[in-house]
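Visitor: Take this structure first; my questions come after.
The values are calculated or read from the model by the stated rules, or taken from the named source; none is laboratory data. It should be emphasised that the depicted structure is a prediction, and the values quoted were computed from it without experimental measurement. When we count neighbours, we look across all protein chains shown, and the Cβ atoms used for this are built from the backbone with ideal geometry, even at glycine. Protein only, heavy atoms only, side chains kept; ligands, DNA and RNA dropped before computing areas. Shrake-Rupley method; radii C 1.70, N 1.55, O 1.52, S 1.80 Å.
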There are 2 protein chains.
Amino acid sequence: MSLFNIGFVIFPDLTQLDFTGPLQVLSRLPRSATHIVAKSAAPVPSDCGLGLVPTHTFANCPHLDLICIPGGSEGVAGIINDRETIEFVRQQAGVAKYVTSVCTGAFVLGVAGLLKGRRATTHWAYTDLLSLVGATYEKARVVKDGNVITGGGVTAGIDFGLSVIAEIAGEMTARRIQLGIEYDPAPPFDSGHPDKAPTIKSELLFARYNEFRTMYRTRIEQAVPF
Amino acid sequence: MSLFNIGFVIFPDLTQLDFTGPLQVLSRLPRSATHIVAKSAAPVPSDCGLGLVPTHTFANCPHLDLICIPGGSEGVAGIINDRETIEFVRQQAGVAKYVTSVCTGAFVLGVAGLLKGRRATTHWAYTDLLSLVGATYEKARVVKDGNVITGGGVTAGIDFGLSVIAEIAGEMTARRIQLGIEYDPAPPFDSGHPDKAPTIKSELLFARYNEFRTMYRTRIEQAVPF
């Protein structure tokens, strides 16, 4: 029996936890192989100063059963207009069983034309921009519409990963992995959702996200028509 | 003003999310520099097939204000008896403001003599072994005893990271980071703690952890007296 091929696409300045959270979960899927794919074989710098070593390049990546695009404000802004990346995603997604993203990785799927008419989610600071790629925002941490599964911002990738495991291998497998990674979260504060922290939301939009939101708008509009 | 130096020690077969979860959080501490330290400069293979590139080696690592040791069943078994690693940890911890671990990284601190007489936590499958290194297990996701802060298994590293940020930079900074990483967890299942999943607990102990538990016992006993 052939293995289920999971592939994560990584790129400079990605938010590493968007990728490493679901990687930890999905790499425990029974009878699967996990591939970490980048444009070239060189280590990819993440937003944290941590270099990540790909296992494959676009050129030698096998056909994927599941493709996952992590996000990152700056990282995604940098690849939305990259024809080679978007083409790779579009081609792999065309034959994959599942097409997925975490955080602002949704916009890479979007520019590749893969979210047209779909319900989807992304990082809270970017949800209203999903309409630019023809998607309808659904307020949930993980959204499944047909074979397209999208996760919210950064840490939502862990909930996303467990949901994907349940979808592919059943609930018991997901529960086993959940206990293995002791995922019984107890955040010391309750500011993880913009509805719960409206003042911090305004502050972060101003200080961190508005610049990237403008960049996303412009670059999505300039991107190859999808 | 000098930067607050944060250092993560990485080693082959570590559970990458033990490290990458708190890395995502702690690298956002204002006025800090994050260092990723390994025995040599070569990429370090994690448990997920992902290679992680260190920024420093033991030889050229600056003095750390905070040292964090991630875990991993197999990875930690491999370094518990490694004199060079234990010496590096002991020396850095001797001058650091905070000495910390996530998951079974606690046993590296333990063998270095840093948990003697301390309350601490670790991955649920190993909590009873904390007494072998002179620590007292406290049932909590994050345990602070003086300048020693330990986190539970794998995903507890995110709660740990936010607690450490609050300790160093205050609650508002932790809340800002929490919203940035959208940490409003919603696990699709409720099997993240052994108390909630006793059958899976027994199964995993048998299939996955007992072998490592035996290894930990033996190697801790053989380690340089601490």
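Visitor: Determine, for each peptide in A:154-167, B:15-28, A:123-136, B:49-62, the mean count of other beta carbons within 10 angstrom over its residues, then list the peptides with the highest first.
Guide: Going by the mean number of other Cβ atoms within 10 Å, highest first, we get B:15-28, A:154-167, A:123-136, B:49-62.
Visitor: Count, for each residue of A:41-51, the Cβ atoms from other chains sitting within 10 Å of its Cβ, then give me the mean as a whole number.
Guide: 5
Visitor: Further, regarding this structure: Can you compute the modelled spin-label distance between A:THR199 and A:LYS116, with each label point 7 Å from Cα toward Cβ, in nm?
Guide: 4.6 nm
Visitor: Tally Lys and Arg at +1 and Asp and Glu at -1 over the other residues with C-beta under 15 Å from the C-beta of A:THR136: what net charge comes out?
Guide: +2
Visitor: Filter the trypsin sites (Lys or Arg not before Pro) in the range A:72-179 down to the DSSP loop ones having no more than 13 other Cβ atoms within 10 Å, then list what survives.
Guide: Qualifying residues, ordered by number: A:LYS97, A:LYS116, A:LYS139.
Visitor: Shifting gears a bit: In whole angstrom, how far apart do the alpha carbon centroids of the range A:1-29 and the range A:116-160 sit?
Guide: The distance from the Cα centre of the range A:1-29 to that of the range A:116-160 comes to 18 Å.
Visitor: Can you report the principal axis dimensions of the range A:89-162 using only the alpha carbons, biggest first, rounded to whole angstrom?
Guide: 28, 27, 17
Visitor: For the range A:4-222, with every protein chain kept in place, what is the accessible area per residue (1.4 Å probe, Å²)? Present the calculation step by step, with values, prior to reporting the outcome.
Guide: Numbers: 7480 Å² over 219 residues.
The answer is 34 Å² per residue.
Visitor: Still on this structure: With labels modelled as points extended 7 Å from the Cα through the Cβ direction, what inter-label distance (nm, one decimal) is found for B:ALA42 paired with A:LYS97?
Guide: Computed distance between label sites B:ALA42 and A:LYS97 equals 3.6 nm.
Visitor: In µm²/s, what is D for the range A:1-84 at 25 °C and 0.890 mPa s, where D = kT/(6 pi eta Rh) by Stokes-Einstein and Rh is the Kirkwood radius from Cα pairs?
Guide: Estimated via Stokes-Einstein, D reaches 188 µm²/s.
Visitor: Just how many pairs of Lys in chain B have C-alpha atoms closer than 27 Å, counting pairs that are eight or more places apart or on different chains?
Guide: 11
Visitor: Ignore the peptide's own chain and count Cβ atoms of other chains within 10 Å of each Cβ in A:158-169; give me the average, rounded.
Guide: Across the residues of A:158-169, the mean count of other-chain Cβ atoms within 10 Å is 3.
Visitor: I would also like to ask the following. Return the sequence-ordered ³J(HN,Hα) values of the range B:55-61 in whole Hz as given by the Karplus equation 6.51 cos²θ - 1.76 cosθ + 1.60 applied to θ = phi - 60°, using x for Gly and Pro.
Guide: Couplings: 9, 9, 9, 3, 5, 10, 6 Hz.
Visitor: Same structure again: How far is A:LEU3 from itself in the other copies, in nm, if each label sits 7 Å out from Cα along the Cα-Cβ line, shortest first?
Guide: With the label placed 7 Å along Cα→Cβ, A:LEU3 yields 3.7 nm.
Visitor: Report Rg (one decimal) and Dmax (nearest whole number) for the protein assembly as shown, counting Cα atoms only, units Å.
Guide: In order Rg, Dmax, the Cα atoms of the protein assembly as shown give 20.9, 66 Å.
Visitor: Quick one: putting +1 on the C-beta of Lys and Arg, -1 on the C-beta of Asp and Glu, what dipole do you get for the range A:4-222 around its Cα centre, in Debye to the nearest 20?
Guide: So the magnitude is around 440 debye.
Visitor: Can you tell me the Rg and Dmax of the range A:184-224, counting just the alpha carbons, in angstroms?
Guide: Rg, Dmax (Cα atoms, Å): 14.7, 44.
Visitor: Before rounding to the nearest 500, sum -39500 (n - 2.57) across all DSSP H runs of length at least 4 in chain B and divide by the residue total; then give [θ] at 222 nm in deg cm²/dmol.
Guide: -10500 deg cm²/dmol
Visitor: Compute the Cα gyration tensor for the range B:118-207, then decide on rounded, prolate or oblate, letting a ≥ b ≥ c be the square roots of its eigenvalues: rounded whenever a/c is under 1.5, prolate when a/b is larger than b/c in the other cases, and oblate in all that remain.
Guide: Oblate is the answer for the range B:118-207, as a/c is 1.5 or above yet b/c matches or exceeds a/b.
Visitor: What does the copy distance list look like for B:ASN60, label position 7 Å along Cα→Cβ, in nm and ordered from shortest?
Guide: Copy-to-copy label distances for B:ASN60: 2.8 nm.
Visitor: Only bridges whose two residues both fall in the range A:4-222 count here: according to DSSP, what percent of them are antiparallel, nearest 5?
Guide: The antiparallel proportion sits near 20 percent.
Visitor: Something else: Sorting check: for B:99-105, A:145-151, which peptide has the highest mean count of neighbouring beta carbons within 10 Å, and how do the rest follow?
Guide: Put in order of decreasing packing, that is B:99-105, A:145-151.
Visitor: Taking only the Cα atoms of the range B:39-127, how large is their convex hull per residue, in Å³?
Guide: Numbers: hull volume 8.7 nm³, N = 89.
Convex hull of Cα atoms, per residue: 98 Å³.
Visitor: Report the FRET efficiency, 1/(1 + (r/R0)^6), for B:ARG83 and A:GLU138, where r is their Cβ-Cβ distance and R0 is 56 Å, rounded to 0.05.
Guide: Between B:ARG83 and A:GLU138 the formula returns 0.55.
Visitor: Also: What total accessible area, in Å², is buried where chains A and B meet, using a 1.4 Å probe and rounding to the nearest 100?
Guide: 5300 Å²
Visitor: Further question on the same structure: Kirkwood Rh and Cα-based Rg: tell me the resulting Rg over Rh for the range A:4-222, rounded to two decimals.
Guide: The Rg/Rh ratio comes out at 0.94.
Visitor: While we're looking at this one, here's another question. Note down the net charge around B:LYS39, summing +1 for each Lys or Arg and -1 for each Asp or Glu among other residues with Cβ under 9 Å from its Cβ.
Guide: Working: positive: none; negative: B:ASP82, B:GLU84.
Once all neighbours under 9 Å are counted, the net charge is -2.
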